[in-house]
Every structure is written in structure tokens, then in C-alpha cells.
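The structure under discussion appears below in the form of C-alpha cells.
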């Protein structure tokens, strides 16, 4: 049995660990900041109130991501994606797997601002991007997660 940093193994299923700290921080910051803006400055200014409500909604949507599940099921040769507790689970065959994509946004001064790791599938000629993880200021953890996923999928060691 292998010890993975980004996945938890349960038999032939590998569950991607949720980024509680990152998502909780960003979601909580937007939710609380939006509510504070809406009920302090927004109490006297309608523009600030709507901006605060918008921020709070974005924060709540980010916090929904805490309930997402991504599982690589090697027994059935598929990846299972559940975006949040409201949505249903969707299965994609690993036969459609094309590659992983790690993308980053770089600021004017050359500093990495954020990164995202996605799995790219080719389903009947159409490209499907499955977002797996995010990061800020570096993409190294995303690259390490991709290496683990490739090892699990027995594509690369």
C-alpha cells in the first residue's frame, strides 16, 4: 500500500483530499467580508450593499466546494466527480483521459497569483475539463498531485 499525500486509498478507489484550509479561507473571507460590507456601508449605500451581497454569494458558492468529491476508481476504470452535496455524482471513463493541465496566472511582476489543475478528457471528439485542485502563489503542489494521479492510473511512475 502506497502513502499518498493528495489521495486517500480505499481498496481500488483513490479519493482526492479536500482542500479545507484553502477553500475555507477564501470562501469564509468572501462570505464574512460581503456580509460585513452589506450590513455596515451597505446600510447607507445601496451600491455597497449589492457588492456585499454579491461577495457573500460568491463566498457561499466557494464553501459549497468543501462538499465536493473526486475519486479515481481503478477497479471500474473511471473517475467519479461530485461538485457539491447538491449535485449528483458523474462518472467518466478513464479511457477518455487525454492529459492533465496545470495552469497558472502570473502578475505583472512575474509572481504566480493562482494555479489550477485539471484533467482533460476527450469524449467523442469534445474536450471536457475536470477541475481537480487550486493553489495560490505556487503550482508545485498541483504538479505533485498530478504525479500521484499518474502513478495511481499506472500511466507514469
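The values are calculated or read from the model by the stated rules, or taken from the named source; none is laboratory data. Just so you know, these numbers come straight off a predicted model, no measurement behind them. A quick note on method: Cβ atoms are made from the backbone with ideal geometry, for glycine too, and the neighbour counts reach across all protein chains shown.
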Fill in: Filter pass, residue 21 being surrounded by fewer than 16 Cβ atoms within 10 Å (Cβ to Cβ), modelled with pLDDT under 90 and in a helix (DSSP H, G or I)
yes
Discussion item. From the list 132, 94, 101, exactly one residue is touching a residue at least 40 places away in the same chain (Cβ under 8 Å) and either within 16 Å of the chain's Cα centre (by Cα) or assigned by TED's automatic domain parsing to the domain that holds residue 60 (or both). Which is it?
Written reply: 132
Discussion item. Suppose we filter 99, 112, 138 for residues that are at pLDDT 90 or above and either surrounded by 11 or more Cβ atoms within 10 Å (Cβ to Cβ) or over 18 Å from residue 68 (Cβ atoms) (or both); which single one remains?
Written reply: 99
Practice prompt. Could you tell me which numbered condition residue 57 fails, if it satisfies all but one of (1) part of a helix (DSSP H, G or I); (2) surrounded by 14 or more Cβ atoms within 10 Å (Cβ to Cβ)?
Written response: (2)
Response to the item:
Inside region 1-16, the number of residues satisfying the requirement of being free of Cβ contacts under 8 Å to residues at least 12 places away in the same chain and part of a loop (DSSP other than H, G, I, E, B) is 2
Fill in: Residue tally, condition under 26 Å from residue 66 (Cα atoms) and either surrounded by fewer than 16 Cβ atoms within 10 Å (Cβ to Cβ) or modelled with pLDDT under 90 (or both), over region 40-51
1
Discussion item. Here is a check on your reading of the model: is residue 145 under 19 Å from the mean Cα position of the chain (by Cα) and in the same structural domain as residue 28 (by TED's automatic domain parsing)?
Written reply: no
Worksheet item: For region 18-35, does any single residue satisfy the condition of being over 21 Å from residue 144 (Cβ atoms), without any contact (Cβ under 8 Å) to a residue 24 or more places away in the chain and not assigned by TED's automatic domain parsing to the domain that holds residue 151?
Response: yes
